[in-house]
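The values are calculated or read from the model by the stated rules, or taken from the named source; none is laboratory data. Just so it is clear, the model here is predicted, and its values are computed rather than measured. Cβ placement follows ideal geometry from the backbone for every residue including glycine, while neighbour counts extend to all protein chains displayed.
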Amino acid sequence: MLQSIKPRTRTILLYLFIPVFIFVFTVFYPLCRAVIYSFFEWKGGPNMTFNSLANYRQLFADGVFWEAFGHNIYLVLVCIAGQMGLAFILVLFANSKLTHCKGIHRTFGFFPSTIAAVCIGMIWNIIYLQDGLLNIILSKLGILTGNWLTWPDWLGSNNVMLVVSIPLVWQYIGYYMVIMFSAIAGIDTEIFESAEIDGANGFQKAVYITLPLIKNTILVCLTLCIAGNMKAFDNIYVMTEGGPGTRSMVMAMYGYNTSFRDSNLGYGSTISVAIFVLSLAVIGGSQWIVKRMTKGADA
């Protein structure tokens with residue numbers, strides 16, 4: 001019998017050194033520096049003035065930042081329902097016995113996730129133009145009348161947050177489909193066969209069998225969805241740059257504008273720290289709620 005090969009502790013540490021070093025240098029170190037800069041008034045360059053908690057007091061009174069935070073929460077809620085909800089429904093359809101060429105569905109479903117967010121924003125910007133594809137289709141269907149000058153400006157409307165949420169939902173449905181495909185593939189098919197013999201329909205199997213058995217995967221998807229939308233930037237920057245006014249401003253874009261357009265790097269660092277803290281709070285709160293709900297359902 002071959003003995004199991006157990007590497008030395010020194011060998012393991014040598015293998016881990018480079019990835020840990022990269023993680024510390026690219027994630028932990030910049031975060032620590034941002035925390036330090038948040039206590040200074042800094043316009044760039046060598047001159048930095050310590051101002052204690054002045055930046056944080058300004059942040060708590062900053063209406064634009066809290067409006068941007070509300071927009072991020074809106075994105076999170078829409079994308080949890082849109083990205084994860086639609087992904088789960090599409091996975092159930094793709095896994096049904098009536099569906100053929102399942103590999104093709106997975107490939108084409110994941111394809112939008114491989115496109116750069118900036119390209120997605122430019123594509124949907126063209127779709128949303130007053131004389132863009134969406135209004136042209138609506139006019140051909142007879143829903144819109146007149147010429148393009150009278151057609152709606154989707155990216156300038158009061159519902160702009162819903163409008164910019166649609167490309168985000170469309171882009172990442174396939175991403176969550178792949179994760180859920182993997183989780184459902186690990187469920188024993190005999191469980192579903194037994195449920196069918198007992199007379200369970202598709203809805204009952206999805207709610208009472210599939211969801212409870214992949215709840216840990218759902219928690220992972222929930223964490224990824226919240227983290228991604230709390231730092232949303234690329235798509236919205238390309239489509240609206242936070243406009244009209246601040247109706248589609250999100251926290252990352254506000255931090256970018258403050259740091260680089262207004263050259264207020266100290267306050268921009270404060271915004272970055274706030275994004276990190278608020279994201280952790282939202283992720284932790286959502287996971288706590290989901291775990292309480294699943295415990296109540298199990299009981």
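For the reader, a short list of remarks on this structure follows.
- Matching residues in the range 27-54 - criterion: being of a type in the set (S, T, N, Q), at pLDDT 90 or above and either part of a loop (DSSP other than H, G, I, E, B) or under 31 Å from the mean Cα position of the chain (by Cα) (or both): SER38, ASN51, SER52
- PHE69 vs. criteria within 30 Å of ASP262 (Cβ to Cβ), modelled with pLDDT of 95 or more, part of a helix (DSSP H, G or I) and not β-branched (Val, Ile, Thr): yes
- Selection count, the range 77-126, where residues are small (Gly, Ala, Ser), more than 19 Å from ASN229 (Cβ to Cβ) and within 20 Å of the chain's Cα centre (by Cα): 1
- ALA252 being crowded, with 18+ Cβ neighbours inside 10 Å, touching a residue at least 60 places away in the same chain (Cβ under 8 Å) and within 18 Å of the chain's Cα centre (by Cα): no
- Any hit, the range 94-106, residues being at pLDDT 85 or above, outside any loop (DSSP other than H, G, I, E, B) and more than 20 Å from THR217 (Cα to Cα): no
- Listed conditions (1) of a type in the set (Ser, Thr, Tyr); (2) more than 24 Å from ILE120 (Cα to Cα); (3) touching a Phe, Trp or Tyr at 6+ places or on another chain (Cβ under 9 Å); (4) touching a residue at least 40 places away in the same chain (Cβ under 8 Å) are all met by THR294, apart from (3).
- Among residues of the range 20-38 that are under 23 Å from LEU59 (Cβ atoms) and free of Cβ contacts under 8 Å to residues at least 12 places away in the same chain, none has a beta-carbon under 7 Å from a residue that is of a type in the set (D, E, K, R) and part of a helix (DSSP H, G or I) at least six positions away or on a different chain.
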